[in-house]
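Structure first, then comments.
The values are calculated or read from the model by the stated rules, or taken from the named source; none is laboratory data. Everything numeric here is computed off the predicted structure, so don't read it as measured data. Heads up, the Cβs are rebuilt from the backbone with ideal geometry, glycines too, and the neighbour counts pull from every protein chain shown. With ligands, DNA and RNA removed, areas are computed over all heavy atoms of the protein, side chains included. Shrake-Rupley method; radii C 1.70, N 1.55, O 1.52, S 1.80 Å.
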Amino acid sequence: MAPSSAPKRTDMSAPLVRDFRSLLDQALEATDAAGRKWSDAKWGCYAFYDYDGEPIYVGQTNEQLRTRVRRHLTNQRTDAVAMRILDVFEVAEMELWPLWELEGMGAKCGEARSRLNAVEYSAYVQAIRGSRFHAILNEKIPPRSPLVQLPPSLRFQLVSAETRRERGHDDIRIARRAETLSRLTAVAHERGVVSPGLRRAVVIQAVRLAHLAAGRLALAEGRPVPSPDTIDIEGLVGTLFQEHSGQPELDGEDADLG
């Protein structure tokens, strides 16, 4: 009998992982009215949303949208912090804002960078204001910039109905958030010196976990689910619209998780 050939590495992934990556591939191939692939823009911003449609992360790139979001969503980031702040299993939707007008501009172009920063900050503020908790999981608050009208965007579903049934159950999501929080706090413990932004992300993830768990308890007891407004996020972490004055800047992999 001839030896069987080894399976493709992609075929060895769990079915739900293959399902997620298939929908991600479809999103990255989607085109606009002009025939351009949304994710082919070199300059642009992006946002991720959880199973409730809650914004959880906003970022920017000038290396191509598809490269950056794929790195996030297939755990190809090399920085351990970014891999632990954002749990890929929490991401159900993605939104892209390509900046086609910046195509061809170099990475060091000041005008292009100012435009990118303004769009990212505006998308970030929109996400904060649209969040039930008035907070998202960015470790680094984007550079404070004038608010601008956001360019056209498209939002993509990244989970199928089957995946949503499997991963969308509150008990599963509570367990995932607890695990993510544990991994993130382990990073802080093991490194000893981490950015204040990482510690802020720990608090925000703990708030998200506590509210989800409280809702599950309320359901079990036949009570209304507590309002997110019962949580004073600014009282816990301070303003989320700019870095605190005097906060030290870090070099290296903790400095930019965009």
Can you tell me the relative contact order of region 110-158? Whole percent, Cα pairs under 8 Å, sequence separation 6 or more.
47 percent
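May I ask for the longest run of the chain untouched by GluC sites (Glu not before Pro) that are loop-located per DSSP and have at most 15 neighbouring C-beta atoms (other than their own) within 10 Å? Mind showing how you got there, number by number?
Working: sites that count: Glu63, Glu103, Glu249.
The longest such stretch corresponds to 104-248.
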Candidates Pro224, Pro142, Pro98, ranked by Gaussian network fluctuation over the chain, Cα under 10 Å, top entry
Pro224
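What value, in deg cm²/dmol to 500, does the helix sum -39500 (n - 2.57) over DSSP H runs of n ≥ 4 give at 222 nm once divided by the residues of the chain? Spell out each step's value before the answer.
Details: 8 runs with 111 residues, N = 258.
When only DSSP H runs of four or more count, the value is -14000 deg cm²/dmol.
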What does the net charge come to around Asp25 if you take all other residues with beta carbon closer than 12 Å to its beta carbon, with K and R at +1 and D and E at -1?
+3
With all protein chains present and a 1.4 Å probe, the order of Phe241, Phe156 from largest accessible area down is Phe241, Phe156
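Relative contact order of the chain: what whole-number percent is it, with Cα pairs under 8 angstrom and at least 6 residues apart?
Numbers: 356 pairs, mean separation 53.0, N = 258.
With pairs under 8 Å counted, the relative contact order is 21 percent.
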With no solvent and one equal point scatterer per Cα, compute the Debye intensity ratio I(q)/I(0) for region 85-160 at 0.14, 0.20 Å⁻¹ and report its log10, rounded to two decimals.
-0.56, -1.05
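Roughly how many Å² is the accessible area per residue of region 137-197, as a whole number, for a 1.4 Å probe? Before the final figure, lay out each step's value.
On the way: 3370 Å² over 61 residues.
On a per-residue basis, 55 Å².
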If N is the residue count of region 13-58, its Cα Rg over 2.2 N^0.38 Å rounds to 1.37
What is the mean projected area of the alpha carbon convex hull for the chain, to one decimal in square nanometres?
18.5 nm²
Aspartates and glutamates with Cα under 13 Å of Lys140, excluding same-chain neighbours fewer than 8 positions away:
Glu120, Glu243, Glu249, Asp251, Glu253, Asp254, Asp256
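Solvent-accessible area per residue for region 88-132 at a 1.4 Å probe radius, Å²?
On the way: 1790 Å² over 45 residues.
Ligands and nucleic acids excluded, the figure is 40 Å² per residue.
Summarise the accessible area of the chain (1.4 Å probe, protein heavy atoms) by the percent that is carbon and sulfur.
Result for the chain: 53 percent of the exposed heavy-atom area is carbon or sulfur.
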Amide H contacts of Leu154 (H built 1.01 Å from N, under 5 Å, at least 5 apart or other chain):
Leu96
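All other residues with a Cβ under 14 Å from the Cβ of Glu179 taken together, and with Lys, Arg as +1 and Asp, Glu as -1, what is their net charge?
Numbers: positive: Arg84, Arg167, Arg173, Arg176, Arg177, Arg183, Arg208; negative: Asp87, Glu90, Asp171.
My count for the surroundings of Glu179 gives +4.
Provide the net charge surrounding Leu102, with neighbours chosen by a C-beta distance below 9 Å and charges set as Lys +1, Arg +1, Asp -1, Glu -1. Intermediate values should be presented prior to the final figure.
On the way: positive: Lys42, Arg115; negative: Glu101, Glu103, Glu111.
Within the 9 Å Cβ shell, the charges total -1.
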Computed about the Cα centre, the charge dipole of the chain from +1 Lys/Arg and -1 Asp/Glu charges at the Cβ has a magnitude in debye, to the nearest 20, of 340 debye
Reciprocal of mean inverse Cα separation for region 110-208 (Kirkwood radius, Å):
16.1 Å
